[in-house]
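The values are calculated or read from the model by the stated rules, or taken from the named source; none is laboratory data. This is a predicted model, so every value here is computed, not measured. Methodologically, a virtual Cβ is constructed for each residue, glycine included, from the backbone with ideal geometry; neighbour enumeration extends over all protein chains shown. The accessibility values were calculated without ligands, DNA or RNA, using every heavy atom of the protein model including side chains. Shrake-Rupley method; radii C 1.70, N 1.55, O 1.52, S 1.80 Å.
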Amino acid sequence: MPMTAASMFWLDALQDYKIDHLLPLPFDRYRLHDEHRTGRGISVSFDLGQKLSHACTTLASSINITVEQLTLACYFAFLFKLTNGETDLCVGVNTDGRYKEELLSVIGMFVNVIPLRCHLNPHWSFHQLVRHVAEITTQSLQYSYFPLQRILAQHPNVVKPTFLDTSFEFRTFESENTKKEVTIGDARICATPISIMIAEDEIINKFDFILTVQYDSDAKQLSCNVNASVDLFHKETVQKIAQRFHSMLEQLFNVPDVFLTKPIYHLSLVLPDEKLLMRSMNNTQTLFPPVRCIHHEFVLQAMKHSQKIAVELDDQSLTYCELLYYAQLLSLNLVKKQRVIEGDIVCQCVERSLSMVSQSQKNQLIR
């Protein structure tokens with residue numbers, strides 16, 4: 001089949017994008033280019049619950065997009081926040097390769113990986129982001145038959161395409177018709193779990209970071225699975241990332257105003273317990289007893305200990321009572337001097353004002 005249109009589309013889609021640019025995810029360790037990869041990973045799963053799943057599916061239906069496109073938009077918004085504002089994002093997406101209706105009933109493996117690039121604007125509302133993701137997804141799937149090897153061949157200078165390490169998967173299944181085992185003749189075919197365990201709390205994982213969303217079309221329930229490489233992430237970090245993604249989904253679908261009006265940079269990845277901690281750390285208000293001035297405190301001490309020595313210098317000393325007495329005399333003298341000085345200033349101002357008035361009258365008479 002002709003590949004010219006598909007070749008031009010993918011060349012334009014990745015124009016000016018740094019394919020070897022590593023997304024600044026919150027890594028605990030950084031892998032060198034020549035470092036061996038163990039293939040071990042950590043998996044954290046969570047269900048969205050009936051209320052959140054219903055809000056998500058209802059929203060997708062109301063704006064005429066698929067649940068896959070909506071959750072992919074959530075993933076891009078999450079990566080934007082998780083990478084501290086990275087706006088040019090590209091992830092690897094698996095496609096079934098059945099881009100034509102006549103291929104839907106054909107038995108075979110048509111899976112192909114395509115790069116899905118989203119150049120978002122932080123000032124977009126989530127509604128605008130969803131529309132943009134739906135548009136680029138629809139366009140990309142039209143040319144999903146173009147082999148990944150040929151997409152990469154268009155960029156011969158790239159040693160390692162990093163978008164393959166950060167991926168997104170969406171899987172739809174019917175819970176009522178799901179069977180763990182199918183028999184065809186003498187052969188038995190078993191369904192493979194999403195995450196294959198190789199040790200306690202460890203799975204096989206060839207990606208750095210991947211989000212898998214599962215949609216039960218019968219129960220209308222959504223669940224998420226976050227897989228990350230052990231070579232790069234600690235288990236606690238992956239658990240925190242999964243909690244932050246769940247918290248962001250609650251913001252989006254439990255509060256309609258965020259979806260309709262607020263920019264996506266307003267989304268927060270801060271967890272509820274972290275918010276409480278920040279509030280407690282910022283709550284520096286402390287109740288103190290009423291504060292008296294120092295001269296009030298001195299008077300109280302003079303009344304309590306009038307005959308005790310308050311000031312001592314060489315052979316001279318003053319009791320609290322004597323010190324209070326001399327302090328009061330000094331204050332009275334200062335007040336008198338201040339009044340005299342203020343009176344002199346007032347007299348000078350009056351004299352100056354009178355002289356100015358008389359001078360003004362003289363000027364009028366001369367005129």
- Query: Can you name every residue in region 218-228 that is more than 22 Å from the chain's Cα centre (by Cα) and more than 20 Å from residue 250 (Cα to Cα)?
  - Reply: 218
- Checking residue 114 against (1) in a strand (DSSP E or B); (2) open to solvent by 60 Å² or more (accessible area, probe 1.4 Å), which test does it fail? (2)
- Query: What is the residue count in region 34-76 for residues that are closer than 25 Å to residue 23 by Cα, touching a Leu at 6+ places or on another chain (Cβ under 8 Å), open to solvent by 10 Å² or more (accessible area, probe 1.4 Å) and not β-branched (Val, Ile, Thr)?
  - Reply: 0
- Query: On the given criteria, is residue 87 under 24 Å from residue 14 (Cα atoms) and either touching a residue at least 60 places away in the same chain (Cβ under 8 Å) or not polar (S, T, N, Q) (or both)?
  - Reply: no
- Message: Considering only residues that are open to solvent by 20 Å² or more (accessible area, probe 1.4 Å) and either touching a residue at least 60 places away in the same chain (Cβ under 8 Å) or farther than 17 Å from residue 89 by Cα (or both), which ones fall in region 117-130?
- Response: 117, 122, 123, 124, 127
- Message: Every residue in region 253-274 that is open to solvent by less than 40 Å² (accessible area, probe 1.4 Å), under 20 Å from residue 118 (Cβ atoms) and either at pLDDT 90 or above or not in a helix (DSSP H, G or I) (or both), please.
- Response: 263, 264, 267, 269
- Item | Filter result (under 19 Å from residue 145 (Cα atoms) and not in a loop (DSSP other than H, G, I, E, B)) within region 70-98 | 90, 91, 92, 93, 94, 95
- Out of the residues in region 137-165 that are open to solvent by 20 Å² or more (accessible area, probe 1.4 Å) and of a type in the set (A, V, I, L, M), state the one that is farthest from residue 206 (Cα to Cα). 141
- Contacts under 8 angstrom Cβ, first residue in region 177-189 being part of a strand (DSSP E or B), partner open to solvent by 100 Å² or more (accessible area, probe 1.4 Å) and at pLDDT below 75, 6 or more apart: 181/188; 182/188
